[in-house]
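Accompanying notes for the structure given below.
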Amino acid sequence: MRWQDHLTRDPAICGGQPVIKGTRVLLRTVLGYLATGDAAETILADFPSLMAEDVRAVIAFAAGSASEDLPAPPADPFGALCDSAAVRL
């Protein structure tokens, strides 16, 4: 699934904020639901114009955005923590 098939930005719709295609449901609204622990079923019940694929597209978009924005972890992310903990013991 390509999130690009489900999400769009149009200056004439919601001021150009990302929305689910064919709706005025903001991407950030769906992310907010997910961030507070709501299940996809809750989102779909609150926004009947959405499909399960739309919610998955929002998750795919967020995952792709996170991988682009976050720095790569060190080669051994726990090595420094383990070494510093051992020194304190």
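Read-outs throughout are calculated quantities, based only on the coordinates presented, and are distinct from any laboratory measurement. Just so we're clear, the structure is a prediction, and the values are computed from it rather than from any experiment. Cβ coordinates were reconstructed from backbone atoms using ideal geometry, including for glycine residues, and neighbour counts include every protein chain displayed.
Observations
- If the condition is being closer than 20 Å to Gly64 by Cβ and of a type in the set (S, T, N, Q), then the stretch 1-49 contributes Gln4, Thr8, Gln17, Thr29.
- Per this entry, Asp38 is not counted among residues that are among the acidic types (Asp, Glu), surrounded by 12 or more Cβ atoms within 10 Å (Cβ to Cβ) and in contact with a helix residue (DSSP H, G or I) (Cβ under 8 Å, 6 or more places away or on another chain).
- Leading residue by the ranking (nearest to the chain's Cα centre (by Cα)) among those in the stretch 45-69 that are farther than 18 Å from Arg2 by Cα and assigned to a helix (DSSP H, G or I): Asp69
- Candidate set from the stretch 2-24 (those that are in contact (Cβ under 8 Å) with a residue 12 or more places away in the chain and at positive phi); member that is surrounded by the fewest Cβ atoms within 10 Å (Cβ to Cβ): Gly22
- Search result, residues across the stretch 3-44 that are of a type outside the set (A, V, I, L, M, F, W, C), part of a helix (DSSP H, G or I) and in contact with a Lys or Arg (Cβ under 7 Å, 6 or more places away or on another chain): Gly16
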